[in-house]
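Every number in this text was worked out from the coordinates using simple rules, so none of it is lab data. Values in this document were obtained by computation on a predicted structure and should not be read as measured data. Cβ placement follows ideal geometry from the backbone for every residue including glycine, while neighbour counts extend to all protein chains displayed.
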Amino acid sequence: MFGGNKITKTIKIEGMSCGHCAKKVEKGLKEIKEVKSVTVDLEKKEATIVLKKEIDSNRLKTILEDLGYQVM
């Protein structure tokens, strides 16, 4: 089976307080070409990102910080 290996990263995010925040994070991360999908869990304050290929976690952190959130 091709493409069976998926790369998943879960990032803890501080500063999300509502559904709008979660959508903002989701949209911001989905703009990265290597990102296949994003699921934001507001209650757990985390985003689970499925990648098409590996990218540096610092890149994800920078994008989230540029959106106004703190990565834990």
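Here the 3J(HN,Hα) profile of the stretch 6-23, calculated from phi with Karplus coefficients 6.51, -1.76 and 1.60 at θ = phi - 60°, is 10, 9, 10, 10, 10, 10, 7, 10, 9, x, 7, 10, 7, x, 4, 4, 4, 5 Hz, Gly and Pro shown as x. Taking a Cβ cut-off of under 15 Å around K6, the surrounding Lys, Arg, Asp and Glu residues balance to a net charge of +2, with basic ones at +1 and acidic ones at -1. With each label modelled as a point 7 angstrom along the Cα→C-beta vector, the T8-E31 pair spans 2.7 nm.
Shape class of the chain from the alpha-carbon gyration tensor: prolate, with a/c at 1.5 or above and a/b greater than b/c. Couplings for the stretch 48-61, taken from phi via the Karplus curve 6.51 cos²θ - 1.76 cosθ + 1.60 with θ = phi - 60°, read 10, 10, 9, 9, 6, 8, 4, 9, 5, 4, 5, 5, 5, 4 Hz in order; Gly and Pro are left as x. Dipole magnitude for the stretch 15-72: computed about the Cα centre from +1 point charges on Lys and Arg Cβ and -1 point charges on Asp and Glu Cβ, it is near 200 debye. Close amide H contacts of S37 (hydrogens built in the peptide plane, cut-off under 5 Å, sequence separation of 5 or more or a different chain): V50.
Between D56 and T39, the contour length at 0.36 nm per residue exceeds the alpha carbon distance by 4.3 nm.
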